[in-house]
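**Q** Structure incoming, see below.
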Amino acid sequence: MSDGEFYYGLGRRKTSSAQVRLYPVGEGSVVVNGKPMEEYFTRRRDRDAVLGPLNAAGLGGYSVTIVVIGGGVTGQSGAAMQGIARALVKANPELRGVLRRGGYLTRDPREKERKKPGLKRARKAPQYTKR
């Protein structure tokens, strides 16, 4: 594999979508939307989620660039996590079992429920008054 090549992975969570490029020759840096990961994801929980697949696989020598759009911070970190996991499987298919057991390859199906007519939100009904 020459210097400019990478492994690609697409991750999604809620309304967020993350396009991940995994470069095998690198110093272990993670760049999200042109910023260092620590600057983009300020909460430790989100940074741990993004690095989860790399830690589960026991790898650290990859440089990662992530382009993430849509949704909020937590959804974006979840999408980035899945994208990294999918790129790792392309790089090394033997990691599939480890990442599957860790839950990194499974798409989280939970979405925001739509608002229903006659209700205030998806399930909240107006207050009932007897008289």
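Just so it is clear, none of the values below were taken in a lab; they were calculated from the coordinates. Because the structure is a prediction, the values reported are computed rather than measured. Here the Cβ positions follow ideal geometry from the backbone for every residue, glycine too, while neighbour counts run over all protein chains shown.
**Q** Looking only at GluC sites (Glu not before Pro) in DSSP loops with at most 13 other Cβ atoms within 10 Å, what is the longest site-free stretch of the chain? Mind showing how you got there, number by number?
**A** Numbers: sites that count: Glu5, Glu27, Glu111, Glu113.
Segment 28-110 is the longest.
**Q** Mind sorting Thr15, Thr65, Thr42 by how few other Cβ atoms lie within 10 Å of their own Cβ, fewest first?
**A** Working: Thr15 14, Thr65 17, Thr42 9.
Listing Thr15, Thr65, Thr42 from fewest to most nearby Cβ atoms yields Thr42, Thr15, Thr65.
**Q** Would you calculate the separation in nanometres between label points at Lys115 and Asp48, each defined as 7 Å from the Cα along the Cα-to-beta-carbon direction?
**A** If labels sit at Lys115 and Asp48, their model points lie 3.6 nm apart.
**Q** If you count the DSSP beta bridges with both ends in the chain, what percent of them are antiparallel, to the nearest 5?
**A** On the way: 16 of 19 bridges.
Counting only bridges with both partners in the chain, antiparallel ones make up about 85 percent.
**Q** Same structure again: If I model a spin label as a point 7 Å beyond the Cα along the Cα-Cβ vector, how far apart are those points for Val67 and Tyr8 in nm?
**A** For Val67 paired with Tyr8, the spin-label model returns 1.0 nm.
**Q** Based on the alpha-carbon gyration tensor of the chain and its eigenvalue square roots a ≥ b ≥ c, which shape applies: rounded if a/c is under 1.5, prolate if not and a/b is larger than b/c, or oblate?
**A** Working: a/c = 3.00, a/b = 2.36, b/c = 1.27.
Prolate is the answer for the chain, as a/c is 1.5 or above and a/b outweighs b/c.
**Q** Lys and Arg at +1, Asp and Glu at -1: add these up for the other residues within a Cβ distance under 11 Å of Tyr62 and post the number.
**A** Working: positive: Arg21; negative: Glu27.
Once positives and negatives cancel, what remains is 0.
**Q** Report the normalised scattering of the stretch 9-57 as log10 I(q)/I(0) at q = 0.28 Å⁻¹, calculated by the Debye formula with identical scatterers on the alpha carbons.
**A** Evaluating at q = 0.28 Å⁻¹ gives log10 I(q)/I(0) of -1.49.
**Q** So, one more: What whole number of Å gives the distance from the Cα centroid of the stretch 79-131 to the Cα centroid of the stretch 32-48?
**A** Rounded to whole Å, the Cα centres lie 20 Å apart.
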